[in-house]
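Participant: I have a structure here, written as structure tokens, and I will follow up with some questions on it.
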Number of protein chains: 2
Amino acid sequence: MTTHFADRLLAAIETKRSHVVVGLDPDYSLLPPSLREKHEALDYHDDTQRRVEAYREFLFRLLIDLKAEAVAVKPQLAYYEVLGAPGFGLYQELVETARSLGYLVIADAKRGDIGSTAEAYAAAHLEVVGADAITVNPWFGADGLEPFLRRAREAGKGVFVLVKTSNPGSADLQDQELSTGETVYERVADLLAGWAAGGVGASGYSNVGAVVGATHPVQAAKLRLALPGVPFLVPGYGAQGAGATDVAGAFDRAGTGAIVNSSRAVLYAYRTRPGHWAEAARAEAAAMRVALWKAAGRT
Amino acid sequence: MTTHFADRLLAAIETKRSHVVVGLDPDYSLLPPSLREKHEALDYHDDTQRRVEAYREFLFRLLIDLKAEAVAVKPQLAYYEVLGAPGFGLYQELVETARSLGYLVIADAKRGDIGSTAEAYAAAHLEVVGADAITVNPWFGADGLEPFLRRAREAGKGVFVLVKTSNPGSADLQDQELSTGETVYERVADLLAGWAAGGVGASGYSNVGAVVGATHPVQAAKLRLALPGVPFLVPGYGAQGAGATDVAGAFDRAGTGAIVNSSRAVLYAYRTRPGHWAEAARAEAAAMRVALWKAAGRT
């Protein structure tokens, strides 16, 4: 029996009183020096194995220490692919461990393709690896997204479509005005409303969500009104410069319907907070949880 | 010392008298029955290992038999990710073997992201795995592509940007008309002209290319005129329905500047051609090579 993805997501938000997603973006140069030193002193087959083992220790410890603060974790595939097959193996282990600890797992893969290739990407991340949701790129149009939507629906899983990304360059295509008067990203939002309508769960939310950058607070608030029942995944909090007030517009009137990601600011919080690196990360995630809870209008 | 990607590509076209790219998209259900039966009878740890070993035998044999016909091979990442870490390992082995056999290798990853994440994807496929070029998705805009362009340029490698994809759904976003009168994909082509200008090699071609579907012959011919010096990677030939006359417009006046991909029609040619499956694939690739050479105006 599979429960609807959005129902699980909204229930987790209430249980943990948290909208926090922690992005699992391991970067060797940013690991706590004590951890790096420990692994530099160990005898490994090669540098890839050293990094995989250091990341494993770092991320598994954080998974344990952050579980009361974060509803979801979001491994960013690039940081695992760059380690080749052993990195992909670590990604698989992380997903399994995170799920067993009660996190929802969003595979931040940003895949986009057509037909049997899109089908294979959906199967890879939602079924073989077993993530709860995957981020996808809308550039191919409806027939590119359809295999992701179908397989996710069948498995009780979610798809987050990149609607308006957090980077300044998102203006180059996404903000261009169409002859109809709407922007390209608003066109994606229109298409998304149709895709989402077929997948609404008991919570009133769909398994088809939108990625909307925290760095665009006005657009996020407008998209929230245009897309009721569509869960938002909001990146750009923390290291990319957005704060709790910037994301307030992404929540619905009940103070739910959106989750907010921070990666580096949580993972590497030891750089600005005292104590052990895991405690610094936990304190940073806790502060984010409280700030978002308030920004969502909760008390 | 690294030679410019486009210079290597154009030299390979002349040496092999071929514009053929073979897409390496392994699908277990389409493998030659004799090969499947052989691997079904062997004792493997699990089904993943069985598939990896069957794909290895199939694809390595084809790499050897197709090397006089194809200038490049294009592994489609989805089909390796769906096998998890062992699949990613097979992809790495394939790239290494294909390069040692004299193929250019295009990692069909269609990645798109920003900043350090885009950087990690570029490093993963162009440096760690060692492909000669990678396909990328333009949805994030210029700052998303910049890390791919920079790392490719430094390493003498290439980037192919998805301009107009071969699927019917490409109309949903790519064909939308902007208030300026141009379509969204024409806007991508405009941006691409700027990115490509910085990377022109001795051949007059840039290391920044365009993916333009063979299923859109009129648009391809117009894009060819609008983007001189931009190498085209043309998918959609064969199984997706396009033939040599459909791709004629993608070549420049010298009959070069474009390479054309076929995946299933070559890999699984045993279904329509007599003899051993490897010979059937070779004959299919040879027929494609001759048809494209003629379509390019060569004799």
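Participant: Does A:Leu126 satisfy being closer than 17 Å to B:Ala78 by Cα and either among the aliphatic types (A, V, I, L, M) or more than 10 Å from chain B (Cβ to nearest Cβ) (or both)?
Facilitator: yes
Participant: Ok, one more. Enumerate the helices (runs of 4 or more DSSP H) found wholly within the stretch A:1-75, keeping only those where 3 or more residues are surrounded by fewer than 21 Cβ atoms within 10 Å (Cβ to Cβ) and more than 18 Å from the chain's Cα centre (by Cα).
Facilitator: Per the criteria, A:33-40, A:47-65.
Participant: Which condition does A:Ala202 not pass, out of (1) part of a helix (DSSP H, G or I); (2) closer than 30 Å to A:Glu146 by Cβ; (3) of a type outside the set (Val, Ile, Thr), if it passes all the others?
Facilitator: (1)
Participant: Within the group A:Ala142, A:Ala152, which residue is within 12 Å of another protein chain (Cβ to nearest Cβ) and of a type outside the set (Phe, Trp, Tyr)?
Facilitator: Of A:Ala142, A:Ala152, the one residue that is within 12 Å of another protein chain (Cβ to nearest Cβ) and of a type outside the set (Phe, Trp, Tyr) is A:Ala142.
Participant: Say whether the condition of being of a type in the set (A, V, I, L, M), more than 7 Å from chain A (Cβ to nearest Cβ) and closer than 25 Å to A:Thr135 by Cα is met by at least one residue in the stretch B:108-118.
Facilitator: Taking every residue of the stretch B:108-118 in turn, at least one turns out to be of a type in the set (A, V, I, L, M), more than 7 Å from chain A (Cβ to nearest Cβ) and closer than 25 Å to A:Thr135 by Cα.
Participant: Still on this structure, please answer the following. If you scan the stretch A:212-236, which residues turn out to be touching a strand residue (DSSP E or B) at 6+ places or on another chain (Cβ under 8 Å), over 14 Å from A:Val20 (Cα atoms), modelled with pLDDT of 95 or more and not in a helix (DSSP H, G or I)?
Facilitator: Answer for the stretch A:212-236, where residues must be touching a strand residue (DSSP E or B) at 6+ places or on another chain (Cβ under 8 Å), over 14 Å from A:Val20 (Cα atoms), modelled with pLDDT of 95 or more and not in a helix (DSSP H, G or I): A:Val212, A:Leu227, A:Gly229, A:Val230.
Participant: Out of the stretch B:227-243, which residues are in contact (Cβ under 8 Å) with a residue 40 or more places away in the chain and under 19 Å from B:Arg253 (Cα atoms)?
Facilitator: Those that are in contact (Cβ under 8 Å) with a residue 40 or more places away in the chain and under 19 Å from B:Arg253 (Cα atoms): B:Pro231, B:Leu233.
Participant: Ok, one more. Does the stretch B:183-194 include one or more residues that are in a loop (DSSP other than H, G, I, E, B), over 19 Å from the mean Cα position of the chain (by Cα) and more than 10 Å from chain A (Cβ to nearest Cβ)?
Facilitator: No.
Participant: Something else about it: Can you name every residue in the stretch B:153-182 that is farther than 30 Å from A:Gly181 by Cβ and under 16 Å from the mean Cα position of the chain (by Cα)?
Facilitator: Scanning the stretch B:153-182 gives B:Lys157, B:Gly158, B:Val159, B:Phe160.
Participant: If you scan the stretch A:59-80, which residues turn out to be without any contact (Cβ under 8 Å) to a residue 60 or more places away in the chain and either of a type in the set (Phe, Trp, Tyr) or more than 23 Å from A:Leu233 (Cα to Cα) (or both)?
Facilitator: Answer for the stretch A:59-80, where residues must be without any contact (Cβ under 8 Å) to a residue 60 or more places away in the chain and either of a type in the set (Phe, Trp, Tyr) or more than 23 Å from A:Leu233 (Cα to Cα) (or both): A:Phe60, A:Tyr79, A:Tyr80.
Participant: What number of residues within the stretch A:78-107 are away from chain B (no Cβ under 11 Å) and of a type in the set (Val, Ile, Thr)?
Facilitator: Counting residues in the stretch A:78-107 that are away from chain B (no Cβ under 11 Å) and of a type in the set (Val, Ile, Thr) gives 3.
Participant: If a residue has to be in a strand (DSSP E or B) and surrounded by fewer than 21 Cβ atoms within 10 Å (Cβ to Cβ) to count, how many in the stretch A:109-165 make the cut?
Facilitator: Number satisfying all stated conditions: 0.
Participant: Out of curiosity, is A:Ala265 under 18 Å from A:Leu24 (Cβ atoms), surrounded by fewer than 21 Cβ atoms within 10 Å (Cβ to Cβ) and not basic (Lys, Arg)?
Facilitator: Considered against the rule, which asks whether it is under 18 Å from A:Leu24 (Cβ atoms), surrounded by fewer than 21 Cβ atoms within 10 Å (Cβ to Cβ) and not basic (Lys, Arg), A:Ala265 comes out as yes.
The values are calculated or read from the model by the stated rules, or taken from the named source; none is laboratory data. These numbers come from a predicted model, not from an experiment. Backbone-built Cβ (ideal geometry, glycine too); neighbour counts: all protein chains shown.
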